[in-house]
Structures are given as C-alpha cells and as structure tokens.
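Visitor: Supplied in structure tokens, the structure appears directly below.
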Amino acid sequence: MSKQISKAIPTYTIGCLKIPLGLCHDIEALIKKFWWGQKSGRRKIHWVKWDELKKSKVVGGMRFRDLALYNDSLLAKQAWRLLQNRSSLFYKVFKARFFPNCSIMEAKDSKGGSYALEEHT
C-alpha cells in the first residue's frame, strides 16, 4: 500500500462527514502501523519521528496530515461551496433539509445527518 492510497482511503468520507476523534486516531494508528509495524515478528526501526513525517515535503517530511484537522478543513470547504454556489443542486438539497428557514451560518446542529438515521413518527 503506497502513501497515496493510505491517505486517499479516508479522504472522501472525511470530506463529507464529521468523524469522531477516536476514529481519526484509529486511522492514524493504522497508517503508523503500516509504516512502523512489524516484519517477521520484529518491530521495524522508527528512523524518523511522526512529527517529522507530518512536515511538508519541502522541508523533508512526507506531509502526513492530522486527520481531525483535515476533516475540519474539508468540511469547511463544503460550507464554503454552500455559501458561494446557491444555484447548485448541492445547495438546494442541503438548504431544504438542514437550514430551510435561515442561512447555513445560522443553522442548528443536526442530530441525524440523514433521513435514515432519524425516527419518523
């Protein structure tokens, strides 16, 4: 598994959903285990600290991201799209579902992100 694949796996999901911090830490642990796991029952050598791997490639890192912060930034990008593209289908659906009587900036937290998760009485 390459670095690009290990980074791409969660990107779509965290671009659409706010994931719990525990899950962010679990995913990061899997990535670390891939890079520093075991080989033939022996631990691999940690040649570089994780904080160094998170640095930009320009300064010698591999640009691994803090997944919780990355999740927030991708969701902020979606909010920006909602603010800028009010004629899009994306905006119309989300407006009708999540903030029908206000702007996205005034919207209340939703307990269920989907009709499937809510109880209908």
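The values are calculated or read from the model by the stated rules, or taken from the named source; none is laboratory data. All values reported here derive from a predicted model rather than from experimental measurement. Counting neighbours? That spans all protein chains shown, and the Cβs are built from the backbone with ideal geometry, glycine included.
Visitor: Quick check on my filter: what residues within segment 51-89 are farther than 25 Å from LEU23 by Cβ and either over 21 Å from the mean Cα position of the chain (by Cα) or among the small types (Gly, Ala, Ser) (or both)?
Guide: SER56, VAL58, VAL59, GLY60, GLN84, ASN85, ARG86, SER87, SER88, LEU89
Visitor: Please tell me if LYS49 is surrounded by fewer than 14 Cβ atoms within 10 Å (Cβ to Cβ), at pLDDT below 90 and more than 24 Å from TYR12 (Cβ to Cβ). Walk me through how you get there before you give the answer.
Guide: On the way: surrounded by fewer than 14 Cβ atoms within 10 Å (Cβ to Cβ): yes; at pLDDT below 90: yes; more than 24 Å from TYR12 (Cβ to Cβ): yes.
Criteria met by LYS49.
Visitor: Kindly list the number of the only condition in (1) in a loop (DSSP other than H, G, I, E, B); (2) closer than 30 Å to TYR91 by Cβ that fails for VAL48.
Guide: (2)
Visitor: Within segment 63-87, work out how many residues are within 16 Å of GLU28 (Cα to Cα) and of a type in the set (Ser, Thr, Tyr).
Guide: Keep residues of segment 63-87 that are within 16 Å of GLU28 (Cα to Cα), which gives 63-72.
In the following step, the residues that additionally are of a type in the set (Ser, Thr, Tyr) were identified as 70.
Adding up the residues that qualify gives 1.
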